[in-house]
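The values are calculated or read from the model by the stated rules, or taken from the named source; none is laboratory data. Keep in mind that this is a model prediction, so the values were computed, not measured. Glycine also receives a Cβ, built like all others from the backbone with ideal geometry; neighbour counts cover every protein chain displayed. Only protein heavy atoms, including side chains, enter the accessible area calculation; ligands, DNA and RNA are left aside. Shrake-Rupley method; radii C 1.70, N 1.55, O 1.52, S 1.80 Å.
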Amino acid sequence: MKRYTYTLHRGKNEEPKNSYRRSDLKKMTLFRLREICRKEKLVVPSGMTGDREGLIRLIMRFRGRREYRQVRTGCEGGLERLELFFKSNEIHLSDGQEVRIPGTIMLYRDTGMNELDGYRVQSEGELYGGNLLLIDEHFHVYTCFYLEEVAGEYYLFKGGDVPVRPLEKHLYSMLYFPDGRDSEFICDC
């Protein structure tokens, strides 16, 4: 009598459930939303079968993918606030997750980047659509990037309004925050 519980379907590898983004669901028709509910075995109340927004809320509640806030526009003094935070707090850098980013990136003022620029980001682990910072060895912040998934691959994006400081001869690094809370903090700063 060591175990007082039982395991349903022991040894069976459960497949990961599908997840959906709100932006993708808003583009779908009412018929397609009903099909997703049927395929995912979501019980739809009879009063909600014709309510498009209600179906989107139902799918997001049980199969929704978390969407992270990203730095898409510049803010007055935002880079300075980040630098001040890095100087006043101790930052622990880890090599836990290897993220491969192209070594040469062309940056222009008042110009954004998207998937057409071809800066693909790869990793053995899971990535998410969070924020990245371009810093030097003294933790001076030069600009902010964000990751976005396009057709199953992650690409480096930058908003057109995000400022780019003049780059000098330094050793530059990209800070990727594996925890979503840290990436959200970048947006708050």
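Key figures for this structure:
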| quantity | calculated |
| --- | --- |
| Protein-only accessible surface order, largest first, of Leu79, Leu116 at 1.4 Å | Leu116, Leu79 |
| Cα shape, the stretch 96-160, gyration tensor, a/c 1.5 rule | oblate |
| Amide H within-cut-off set for Tyr154, under 5 Å, with H built and near neighbours excluded | Val121 |
| Prolate/oblate/rounded call for the stretch 51-175, Cα gyration tensor, a/c under 1.5 rounded | prolate |
| Under Karplus coefficients 6.51, -1.76 and 1.60, residue-wise ³J(HN,Hα) of the stretch 30-41 in Hz, glycine/proline x | 4, 4, 5, 5, 5, 5, 5, 4, 5, 5, 8, 6 |
| Accessible surface ranking that places the most exposed of Lys27, Lys39, Lys87 first, with a 1.4 angstrom probe | Lys27, Lys87, Lys39 |
| Point-charge dipole on Cβ atoms (K/R +1, D/E -1) for the stretch 47-189, about Cα centre, debye to 20 | 420 debye |
| Global form of the stretch 74-117, assessed from the alpha-carbon gyration tensor, a/c cut-off 1.5 | oblate |
| Rounded percent of accessible protein surface that carbon and sulfur make up, the stretch 97-157, 1.4 Å probe | 47 percent |
| Residues of the stretch 91-189: accessible area per residue with a 1.4 Å probe, Å² | 58 Å² |
